Amino acid sequence: MIRRAISRIIHGPPSEESRLINAASVFPRHTPHEFNYRGWTIACTDFLSVAWQVAEIFGDERMRFPAHRPDPLIVDCGANVGISLMHQRWRHPQARIIAFEPDEAVFACLQRNLNVNGIRGIECHRQAVWVDGDGVSFGGDGADGGSILRASDAVRVPSIRLRDVLLAHATVDLLKMDIEGAETDVLLDCGDALARVQRIYVEYHSFRDRPQRLHELLAALAAQGFRYYLHRIGAHHAQPFMALADAEMDLQLDIHAIRP
């Protein structure tokens, strides 16, 4: 109680995002839920993971960018329940947005959230972005960690080659990619199509049982003229020699790639 009082004096009252995370922290995981935020009604399959998305996307505004035209084109890969879509529509009301989300239950929440909150004009596809359009095995986790790398509960889902999406447009103002470990393969496959992209926000995942490929991803960005900024997210290991042997992921980063 005393610590909370001191914190309130020093830092002020908790933010709406902090209160949301606190409420989600005591809510059962992987349980459908609906909550209110900034006057919007948001449905989700996992309250805690989406509460963190709200804090990062709206509270921290990690994907905010200066638009140099009234209708910037945004391609969102791994849109989850639509928090990033809602943020971009709020920031850029005339933006053209193409979104991809392969998880059936999560995609249903995404559609509901856009419809209930009157958010129109977003092109949504229940597809996984991948290196081809032949379909791919995808395992959901009931939250925001569904991945083509998950073997448990995997099903075949439609896929689309991201390279083809990029080549269909002269300029992409923002490419957002949170595809749980498939990001390196997909970006490498895009190759020179990335020359059409002005900014990339990608979440890099390094799973302990798979090779680390950060060097490949960064080299691919540098080869296409991007500079990059790295921000560590996820678990913080103060003693990596002691902790990493038991961690599911030994590295998780937000990467902002910016074309000078």
Looking only at segment 220-242, which residues have a backbone nitrogen under 14 Å from a spot 7 Å from the Cα of residue 188 in the C-beta direction? 220-221
Of the convex hull drawn through the C-alpha atoms of segment 70-212, the volume per residue in Å³ is 104
Label-to-label distance, nm, for residues given as residue 156 and residue 195 (7 Å Cα→Cβ offset): 3.7
Gyration tensor verdict on segment 28-121 (Cα atoms; rounded if a/c is under 1.5, prolate if a/b is larger than b/c, oblate otherwise): prolate
On the accessible surface of segment 16-80, probed at 1.4 Å with all protein chains in place, carbon and sulfur together account for a percent value of 51
Within the chain, longest stretch free of exposed GluC sites (Glu not before Pro) [DSSP loop, at most 14 other beta carbons within 10 Å]: 62-247
For residue 250, what charge total do you get from the other residues with a beta carbon under 11 Å from its beta carbon, if Lys and Arg give +1 and Asp and Glu give -1? -1
What is the calculated FRET efficiency for residue 96 to residue 134, with r their C-beta to C-beta distance and R₀ = 25 Å, to the nearest 0.05? 0.40
How large is the charge dipole for the chain, taken about the Cα centre, if only the Cβ atoms of Lys, Arg (+1) and Asp, Glu (-1) carry charge, to the nearest 20 debye? 960
By its C-alpha gyration tensor, with a ≥ b ≥ c as the square roots of the eigenvalues, how is segment 125-200 shaped: rounded for a/c under 1.5, else prolate for a/b larger than b/c, else oblate? prolate
Just grab the label-to-label distance for residue 171 and residue 61, each label 7 Å out from Cα along the Cβ direction, in nm (one decimal). 2.2
Label selected from (1) 7, 29, 37, 21, 6, 1; (2) 6, 19, 21, 17, 9, 6, 5, 7, 6, 4, 0; (3) 6, 22, 23, 18, 14, 8, 6, 2, 0, the criterion being P(r) over Cα pairs in 10 Å bins from 0, in percent as computed here: (1)
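The values are calculated or read from the model by the stated rules, or taken from the named source; none is laboratory data. This structure is a prediction, so every number in the text was calculated from the model and none was measured. Cβ atoms come from the backbone with ideal geometry, glycine included; neighbour counts cover every protein chain shown. Accessible surface areas use protein heavy atoms only, side chains included; no ligands, DNA or RNA. Shrake-Rupley method; radii C 1.70, N 1.55, O 1.52, S 1.80 Å.
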